[in-house]
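The structure appears below as structure tokens.
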Amino acid sequence: MTTPVALFLIITAFLTALLSGIFGMAGGLVLMGALAFVMPVSAAFVTHGLLQLIANGWRAVLHRRHIAWPIIRNYALASAVAASAVLAIGFMPSKPLLFLLLGLVPMLVWLPKNWLRLDASRTPHALVSGFLITALNLSAGVAGPLLDIFFVRTDLNRHQIVATKAATQVFSHLAKITVYGTPMLVAGKGGVPPWWLFALAIPASMLGTSAGGWVLDRLSDANFKRWTAWIVTTIGVFYLWKAWDLWF
């Protein structure tokens, strides 16, 4: 791996963790696309899973007093089922398909809220969210906008939303590492960045997460939701253009 690519990944890890630390999503969306630009799809999935596991895990630790644990228990159970199903199928998206999915996922934020009356605090809905969001994570690499649909009708405040969503994504990223990392280990394939890059990127990600929490404390709930929608939409439009460019 060249020095410019390594620096690019370390800086991206910080900035995307900062973004997720503020809005609870969007950072993972940017990071997945950035990784897909510079490495093979399977390696991008594993690297994304490792970096986001740390970023989300650290965010969950920082805001642990706000986590809604009943949601986490149900989500984790369904997440394991989804990971087992995808691993058995052996699905692997091509790079154009990956960017297409990355572009379509953010558009979910514009679904009218009265179309889907979902609430992650309800056990059946938490189970459905764990299965669907993990399955989408294993197909597109990210699922933040879909996850958000399960939280807009809860009575949780912005700190509880960010903390609980971060904890759920720990399980989704563990699934990503397992599903895409296991075949690479069995086949003896490389492609994942060297250990020293993770040794630098992980602290950068943790620093970005901490800085994001500082900004989050200074946002109102109204601004929090409005900015999230527009940021992920802009990112999605860029990825749709990239998918078109790769295909045609």
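Among the listed residues LEU118, LEU104, identify the single one that is touching a residue at least 24 places away in the same chain (Cβ under 8 Å), farther than 19 Å from SER20 by Cβ and part of a helix (DSSP H, G or I).
Values: LEU118 fails: part of a helix (DSSP H, G or I).
None of the other options fit; the residue is LEU104.
Which of (1) surrounded by 16 or more Cβ atoms within 10 Å (Cβ to Cβ); (2) at pLDDT below 85; (3) of a type in the set (Lys, Arg) does ARG226 not meet, given it meets every other one?
Tallying (1) surrounded by 16 or more Cβ atoms within 10 Å (Cβ to Cβ); (2) at pLDDT below 85; (3) of a type in the set (Lys, Arg), ARG226 fails exactly one: (1).
Quick test for you: out of LEU207, LEU174, pick the one residue that is within 20 Å of the chain's Cα centre (by Cα), more than 15 Å from HIS48 (Cα to Cα) and either of a type in the set (Val, Ile, Thr) or at pLDDT 80 or above (or both). Spell out how you get there, then give the answer.
Numbers: LEU174 fails: more than 15 Å from HIS48 (Cα to Cα).
Exactly one residue qualifies, and that residue is LEU207.
Residues to consider are GLY49, GLY33; find the one that is at pLDDT 90 or above, assigned to a helix (DSSP H, G or I) and touching a Leu at 6+ places or on another chain (Cβ under 6 Å). Talk me through it step by step, then tell me what you get.
On the way: GLY49 fails: touching a Leu at 6+ places or on another chain (Cβ under 6 Å).
Sole residue among the options that is at pLDDT 90 or above, assigned to a helix (DSSP H, G or I) and touching a Leu at 6+ places or on another chain (Cβ under 6 Å): GLY33.
Evaluate segment 11-21: report whether one residue or more is over 16 Å from the mean Cα position of the chain (by Cα), among the small types (Gly, Ala, Ser) and surrounded by 20 or more Cβ atoms within 10 Å (Cβ to Cβ). Steps first, please.
Filtering segment 11-21 for residues over 16 Å from the mean Cα position of the chain (by Cα) gives 11.
Okay, now just the ones that are also among the small types (Gly, Ala, Ser), so none.
No; the residues of segment 11-21 include none that is over 16 Å from the mean Cα position of the chain (by Cα), among the small types (Gly, Ala, Ser) and surrounded by 20 or more Cβ atoms within 10 Å (Cβ to Cβ).
Of everything in segment 151-171, what is closer than 21 Å to LEU19 by Cβ and over 15 Å from the mean Cα position of the chain (by Cα)? Give them in sequence order.
Matches in segment 151-171: PHE151, VAL152, LEU156, ASN157, ARG158, HIS159, GLN160.
With the requirement that a residue be in contact (Cβ under 8 Å) with a residue 24 or more places away in the chain and under 19 Å from PHE99 (Cα atoms), what does segment 14-37 give you?
Of the residues in segment 14-37, the ones in contact (Cβ under 8 Å) with a residue 24 or more places away in the chain are 14-30, 32-36.
Listed by number, the residues that qualify are THR16, MET25, ALA26, GLY27, GLY28, LEU29, VAL30, MET32, GLY33, ALA34, LEU35, ALA36.
The values are calculated or read from the model by the stated rules, or taken from the named source; none is laboratory data. For clarity, every value in this text was computed on a predicted model and none was experimentally measured. No Cβ is skipped: glycine too gets one built from the backbone with ideal geometry, and neighbour counts run over all protein chains shown.
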